[in-house]
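I have placed the structure first, in the form of structure tokens, so that the comments after it can refer back to it.
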Amino acid sequence: MFYIVLSFLVGILWIHFKVISTALSIVILILYVIKKLKYPHLLLIIIAPFLSNMLINHYNKDSYNQIINIKTHPYINHFLTFKSFEHKSQVYTGIINYKTNEYRFIYKSMFPHLKQNLTHYSCVVKGRFDFDKDKPTLIISTIKYKSCQLNNSFNPIYKHQLYIYQSYYF
């Protein structure tokens, strides 16, 4: 099984590190000959790099298509879920969930004295995506507070993930 896992790694590494991937595949084949494994293992060792490479390429293609879609249609007016909502001086920042992807957002409220926390709420949001960094940032123009609903799907595991995400990006 260890050789099959290494074969999956060969397929993943092939995308960016062809020399390392080739060297690792040679090492796997040498170990196969030394260990004298059965032919079904050889078949899996040969097929695994192709499968992992196809999976990674499919994932990368989907991610690329989502970014292109956001670039061609940067303005949104949708029901979005706030995963975190933090007040920093005169702006609100945090993480928002849009089409099963997480994006950072910036919102400058017209009412800075109103300190509302929308963490775990889903609201209708108008805004546009900005592409200053690697991942797009949502610049929110308005939030329709009357449409906000509490989202009960968050659990302690999510709170731990949010803590890790915030310590990494903020």
For the range 7-24, 3J(HN,Hα) per residue [Karplus equation, 6.51 cos²θ - 1.76 cosθ + 1.60, θ = phi - 60°, Hz, x = Gly/Pro]: 5, 4, 4, 4, x, 6, 5, 4, 5, 10, 10, 5, 5, 5, 5, 5, 4, 5
Percent antiparallel among DSSP beta bridges confined to the chain, nearest 5, equals 90 percent
Convert each backbone phi in the range 35-43 into a coupling constant with the Karplus relation 6.51 cos²θ - 1.76 cosθ + 1.60 (shift: θ = phi - 60°), then list the ³J(HN,Hα) values in order as whole Hz, x for Gly and Pro. 7, 6, 6, 7, 5, x, 5, 4, 4
Calculated from backbone phi, Karplus (6.51, -1.76, 1.60) coupling profile of the range 83-91 in Hz, x at Gly/Pro: 8, 8, 8, 10, 8, 10, 6, 9, 10
So I have (1) 72, 36, 25; (2) 68, 34, 28; (3) 40, 33, 31, and one of them is Cα extents along the principal axes in Å calculated from this model. Which one is it? (1)
Which listed residue (H87, N57, L13) has the Cα farthest towards the positive end of the charge dipole for the chain, taking +1 on Lys and Arg C-beta and -1 on Asp and Glu C-beta about the Cα centre? H87
Residues K88, K146 arranged by fewest to most Cβ contacts within 10 Å: K146, K88
Would you calculate, for the chain, the mean residue ellipticity at 222 nm contributed by helices, counting each DSSP H stretch of 4 or more residues as -39,500 (n - 2.57) and dividing by all residues, to the nearest 500? -15500 deg cm²/dmol
If R₀ is 35 angstrom, what is the calculated FRET efficiency for the pair F50 and S141, using the beta carbon separation as r and rounding to 0.05? 0.15
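Arrange T22, T81, T100 by Cβ neighbour counts within 10 Å, fewest through most, would you?
Exposure proxy ranking, most exposed first: T100, T22, T81.
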Computed over the range 2-71, the relative contact order (Cα-Cα under 8 Å, seq sep at least six) in percent reads 44 percent
L37 label point, 7 Å along Cα→Cβ, cut-off 19 Å on backbone N: hits in the range 49-73? 49-54
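Throughout, read-outs are computed from the coordinates displayed, never taken from laboratory work. Because the structure is predicted, anything quoted here is derived from the model rather than measured. Neighbour counts run over all protein chains shown; Cβ positions are idealised from the backbone, glycine included.
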